[in-house]
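Working notes, structure below.
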Amino acid sequence: MSSRRSRSRQSGSSRITRITEEQISDLVSKLQDLLPEAHLQSNARVPSARVLQETCNYIRSLHQEVDDLSERLSELLATSDMSSAQAAVIRSLLM
């Protein structure tokens, strides 16, 4: 029975594409290049875990910025004197 399990694991794992350490390193390097310079210096060797953490932090800050801008736009729409049709179009784009 254990040899049958062993064979099924081997055949199952052969279908999974393995990512090499070199490919991971390349992807982390590309990800680091997308981050603003204030977060990480691209010419310095930075641990992958730090790049991933900074990426998560950056994405969170972008989400917060989008939320803030959406709120400001909503406030502007509420106080503007544009026609209700124009306001409806803009609101539909925000939703």
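The values are calculated or read from the model by the stated rules, or taken from the named source; none is laboratory data. A quick note: this is a predicted structure, and the numbers were derived from the prediction, not measured. Every residue, glycine among them, receives a Cβ derived from its backbone with ideal geometry; neighbour counts consider all protein chains shown. These area figures cover heavy atoms from the full protein model, side chains too; ligands, DNA and RNA do not enter into them. Shrake-Rupley method; radii C 1.70, N 1.55, O 1.52, S 1.80 Å.
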Tell me, please, whether a residue that is at pLDDT 85 or above, open to solvent by 60 Å² or more (accessible area, probe 1.4 Å) and β-branched (Val, Ile, Thr) can be found in region 73-89.
no
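Scan GLN23, GLN64, GLN32, GLN10 and give me the residue that is surrounded by 12 or more Cβ atoms within 10 Å (Cβ to Cβ), part of a helix (DSSP H, G or I) and either out of contact with any Leu (no Cβ under 9 Å at 6 or more places or on another chain) or modelled with pLDDT of 75 or more (or both).
Of the residues listed, the single one that is surrounded by 12 or more Cβ atoms within 10 Å (Cβ to Cβ), part of a helix (DSSP H, G or I) and either out of contact with any Leu (no Cβ under 9 Å at 6 or more places or on another chain) or modelled with pLDDT of 75 or more (or both) is GLN32.
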